[in-house]
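Trainee: I'd like to ask you about the structure that follows.
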Amino acid sequence: MYKKPTPEALDLKNALERLGIRVLAEVDDGYKHIDLSIPDARINIEVDGNQHLTDPYRILSDLKRSHYSDDKGYDTIHITNKSIHSNLGGIASALAEASKIREKQLKQKINHN
């Protein structure tokens, strides 16, 4: 079943794609749906509402869920809706640059093995 991205996740996805980054939305990793994934850099992005910071049970659940992707070589970053509303361009630029750096590092690691 396809889950529709939130407006904030979609805004970030579009901003990253304008910067030349390939981004997948609502990726099922076998355990959960990931809001956004940059597969070439092995970065997952969760775009979170305020409840992810104010509900102790949600915090504990998110901690467990984030580490599930570690086994597959992906790291997860959490970005709040509020941050996207206030600094979409800055966040997208930093993520795009981090993705490019990470992708190069991953390619170098493969070439050295």
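The values are calculated or read from the model by the stated rules, or taken from the named source; none is laboratory data. The structure displayed is predicted, hence computed values, not measured ones. Virtual Cβ from ideal backbone geometry, glycine too; neighbours counted across all protein chains shown. Side chains are part of the model used for accessible areas, which takes the heavy atoms of the whole protein and leaves out ligands, DNA and RNA. Shrake-Rupley method; radii C 1.70, N 1.55, O 1.52, S 1.80 Å.
Trainee: For ASP62, work out the one condition from (1) surrounded by 16 or more Cβ atoms within 10 Å (Cβ to Cβ); (2) not in a helix (DSSP H, G or I) it doesn't fulfil.
Mentor: Result: ASP62 fails condition (2) only.
Trainee: Something else now. Do you know which residues across the stretch 24-69 are more than 23 Å from ALA98 (Cα to Cα), hydroxyl-bearing (Ser, Thr, Tyr) and in contact with a Lys or Arg (Cβ under 8 Å, 6 or more places away or on another chain)?
Mentor: Correct list: TYR31 only.
Trainee: Does the stretch 13-22 include one or more residues that are open to solvent by less than 70 Å² (accessible area, probe 1.4 Å), without any contact (Cβ under 8 Å) to a residue 40 or more places away in the chain and in a loop (DSSP other than H, G, I, E, B)?
Mentor: At the first step, the residues of the stretch 13-22 found to be open to solvent by less than 70 Å² (accessible area, probe 1.4 Å) are 13-16, 20-21.
Applying the additional criterion that residues be without any contact (Cβ under 8 Å) to a residue 40 or more places away in the chain yields 13-14.
Those still in the list that are in a loop (DSSP other than H, G, I, E, B) too: none.
No, because not a single residue in the stretch 13-22 is open to solvent by less than 70 Å² (accessible area, probe 1.4 Å), without any contact (Cβ under 8 Å) to a residue 40 or more places away in the chain and in a loop (DSSP other than H, G, I, E, B).
Trainee: How about the stretch 28-51: which of its residues are surrounded by fewer than 18 Cβ atoms within 10 Å (Cβ to Cβ) and touching a strand residue (DSSP E or B) at 6+ places or on another chain (Cβ under 6 Å)?
Mentor: Across the stretch 28-51, the qualifying residue is only HIS33.
Trainee: Checking ILE77 against (1) in contact with a Phe, Trp or Tyr (Cβ under 7 Å, 6 or more places away or on another chain); (2) in a strand (DSSP E or B): exactly one of these is not met. Which one?
Mentor: ILE77 satisfies all of (1) in contact with a Phe, Trp or Tyr (Cβ under 7 Å, 6 or more places away or on another chain); (2) in a strand (DSSP E or B) except (1).
Trainee: Any residue in the stretch 89-107 that is among the hydroxyl-bearing types (Ser, Thr, Tyr), over 16 Å from TYR31 (Cβ atoms) and open to solvent by 50 Å² or more (accessible area, probe 1.4 Å)?
Mentor: yes
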